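The values are calculated or read from the model by the stated rules, or taken from the named source; none is laboratory data. Predicted model only: the values in this text are computed from it and were never measured. Here the Cβ positions follow ideal geometry from the backbone for every residue, glycine too, while neighbour counts run over all protein chains shown. In case anyone asks, the SASA skips ligands and DNA or RNA and just uses the protein heavy atoms, side chains included. Shrake-Rupley method; radii C 1.70, N 1.55, O 1.52, S 1.80 Å.
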Amino acid sequence: MKYALIGCGRISPNNIQAAINNGLEVVALCDIVPSQMDDKIKLFNLPNTVRKYTNHKEMLANEKLDIVAISTPSGSHAEIALDCIDANCNLIIEKPIALSIEDAEKIIEKAAQKNLKVCACHQNRFNKAIQKIHSAVVEKRFGKMFHGTAHVRWNRGKNYYDQADWRGTWSQDGGALMNQCIHNIDILRWMMGDEIEEVFAYTDNLTHDFIEAEDLGIALIKFKNSSYGIIEGTTNIYP
Ligand SMILES: NC(=O)c1ccc[n+]([C@@H]2O[C@H](COP(=O)([O-])OP(=O)(O)OC[C@H]3O[C@@H](n4cnc5c(N)ncnc54)[C@H](O)[C@@H]3O)[C@@H](O)[C@H]2O)c1
């Protein structure tokens, strides 16, 4: 299957490695910064037939692709994903799939209409330990799950946020819950086995006055199956 990657930054080697491991043919790369593509071609010793694009629309117009992976800054995922679906490509989208429910639903609906597959990179679901626990939950080995918690107590200092302009912004990053805590939030919802009915939450920015978005989020969740969840996520913790 013909594969292309849009966004060749820090996480992109994981995407390229996964494509290679799964026998996909890497036919094109796209990044607004050409050196990012050159670095990855060198890193993986990709053939010189791999075509490079600085505009994803141009790539979609020129290439016949089966699967496209998107690993651009989070705020651009939705627009690029919708363009890829228009071009009949199946998608692997880095987390978060989009920065709003509305955009995420648009992607899911449009892909379903075209019978295309879309997956978000929630790779932790494939961890052996997580899979074993999830099977045990589904088999009801723990009985009914009354409540579950997700704690993300991370440290992300100025150096981290300075790595790229989009980090810590509302429009491109989405904040600590959307960026750093999303895997644990996803696992919590998956383990609790139902959709969310109600949420009460606080977010705040306590120690990162150089970013726009929150560095702390605390939420209480009621699931449709009457179980409860607690989320605590922050980039404020000093080790
Ligand atoms: N699954 C995970 O655990 C995980 C881990 C890290 C990052 N991510 C996600 O991956 C995405 C990228 O993160 P990163 O750390 O690699 O960021 P990064 O800033 O290192 O890389 C982003 C790349 O996208 C390029 N880019 C920006 N706009 C573009 C556009 N319109 N078209 C093509 N290329 C464009 C940039 O030039 C850059 O090379 C984010 O959404 C992030 O949340 C996921």
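Computed values, structure above
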| quantity | calculated |
| --- | --- |
| For the stretch 2-121, size of Cβ-based charge dipole, Lys and Arg +1, Asp and Glu -1, in debye | 320 |
| Residue order for Trp170, Trp190 - accessible surface, 1.4 angstrom probe, largest first | Trp170, Trp190 |
| Rotationally averaged projected area of the chain (alpha carbon convex hull; nm²) | 14.2 |
| Centre separation in Å (Cα based) which lies between the stretch 140-166 and the stretch 185-235 | 9 |
| Radius 12 Å from Cβ of Pro239, net charge of other residues (Lys, Arg +1; Asp, Glu -1) | +2 |
| Max mean-square fluctuation residue, GNM over the chain, Cα-Cα springs under 10 Å, options Ala164, Ala69, Ala104 | Ala164 |
| Accessible surface of the chain [probe 1.4 Å, protein heavy atoms]: carbon and sulfur percent | 53 |
| Low-density loop positions, trypsin sites (Lys or Arg not before Pro), the stretch 79-131 - DSSP coil, at most 16 other Cβ in 10 Å | Lys114, Lys117 |
| Antiparallel DSSP beta bridges within the chain, as percent of all bridges there, nearest 5 | 40 |
| Cysteines, the chain, no other Cys beta-carbon under 4.7 Å | Cys8, Cys30, Cys119, Cys121, Cys181 |
| Rg and Dmax of the stretch 125-234, Cα atoms only, in Å | 15.7, 47 |
| MRE, 222 nm, helices only [DSSP H, n ≥ 4, -39500 (n - 2.57), over the chain, to nearest 500] | -9000 deg cm²/dmol |
| Stretch gain in nm, segment Phe44-Val138, where the contour uses 0.36 nm per residue and the Cα spacing is subtracted | 29.9 nm |
| Three-way shape call for the stretch 139-200 based on the alpha-carbon gyration tensor, with the a/c threshold at 1.5 | prolate |
| Signed unit charges on C-beta, dipole axis of the stretch 125-234, positive-most listed residue Ile211, Asn184, Gly168 | Asn184 |
